[in-house]
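The values are calculated or read from the model by the stated rules, or taken from the named source; none is laboratory data. The structure presented is a predicted model; accordingly, all values stated were derived computationally and were not measured. We place every Cβ from the backbone using ideal geometry, glycine too, and count neighbours over all the protein chains shown. The area values use the complete protein model at the heavy-atom level, side chains included, leaving out ligands, DNA and RNA. Shrake-Rupley method; radii C 1.70, N 1.55, O 1.52, S 1.80 Å.
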Amino acid sequence: MNIQVTYEATTEDIVASVTANAASRLWLRWAIVGLWLLLAVACLAAGSVMFAIAAICFGFVQVVNITAGGRRMGLKVAPRYVGSTTVTLTDDALQLKSPALDRRIPWSSVNKVVHNPVAWTVLAHKVGAAPLSATVLKAPFTEAQRAEVDAFLARLPKVGHKGQVQPQVQAQVGAR
């Protein structure tokens, strides 16, 4: 694989990517709702209607805060990626250059790849080194390049994938 793409990344693009990653944790939202509802039922059983109402309200606020937290995190990391960005993907590494960031991540150090409709987020950590991450926007890539990158990422050994589109779904999307 030898793909090089240059694009102009905006704050909105990066925020959308990070928010999409946060929104993909539906299990977390339902777990929070379930715990607060359980607390509300316990409060009702103890005869405390006001505490039960407060528990339901706090549960709602925390679920909404997950999305708001994703947006805040996106605004925090966006300055690293905003501007003219060049991404080079080879068989050996991912190279990302933006005005504020010049990062090379060897595929051998990648632990996790987070897939969402907006971007790929590659997370790497080698023993004795600081963790690295890179967010690569998908929009500048052609459909063929996206398919090649997805296939390459799927073949990486010992890498966890989150939100990856299954191969049969990709084939259906490509057939349209």
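Checking the structure you have, find out if any residue of region 66-79 is of a type in the set (A, V, I, L, M, F, W, C), over 23 Å from residue 13 (Cα atoms) and surrounded by 19 or more Cβ atoms within 10 Å (Cβ to Cβ). No: region 66-79 contains no residue that is of a type in the set (A, V, I, L, M, F, W, C), over 23 Å from residue 13 (Cα atoms) and surrounded by 19 or more Cβ atoms within 10 Å (Cβ to Cβ). Within region 40-54, can one find any residue that is of a type outside the set (Asp, Glu), under 20 Å from residue 114 (Cβ atoms) and either modelled with pLDDT of 90 or more or surrounded by fewer than 13 Cβ atoms within 10 Å (Cβ to Cβ) (or both)? No, there is no match, as no residue in region 40-54 is of a type outside the set (Asp, Glu), under 20 Å from residue 114 (Cβ atoms) and either modelled with pLDDT of 90 or more or surrounded by fewer than 13 Cβ atoms within 10 Å (Cβ to Cβ) (or both). The criterion of being closer than 26 Å to residue 161 by Cα, surrounded by fewer than 16 Cβ atoms within 10 Å (Cβ to Cβ) and not charged (D, E, K, R) does not hold for residue 19.
Scanning region 24-39 for residues that are surrounded by 15 or more Cβ atoms within 10 Å (Cβ to Cβ) and hydrophobic (A, V, I, L, M, F, W, C), we see that the one that is modelled with the highest pLDDT is 39. Check whether at least one residue in region 145-167 is exposed (fewer than 14 other Cβ atoms within 10 Å of the Cβ), modelled with pLDDT under 95 and among the acidic types (Asp, Glu), and report yes or no. Among the residues of region 145-167, not one is exposed (fewer than 14 other Cβ atoms within 10 Å of the Cβ), modelled with pLDDT under 95 and among the acidic types (Asp, Glu), which makes the answer no. Taking residue 125, is it touching a Gly at 6+ places or on another chain (Cβ under 6 Å) and modelled with pLDDT under 90? Here the answer is no, as residue 125 does not meet what is asked. I'm checking my understanding of the structure. Among residues of region 136-152 that are in contact (Cβ under 8 Å) with a residue 24 or more places away in the chain and not aliphatic (A, V, I, L, M), which one is farthest from residue 88 (Cα to Cα)? By that ranking, first place goes to 143.
Taken over region 103-139, residues that are open to solvent by 40 Å² or more (accessible area, probe 1.4 Å) and among the small types (Gly, Ala, Ser) amount to 5.
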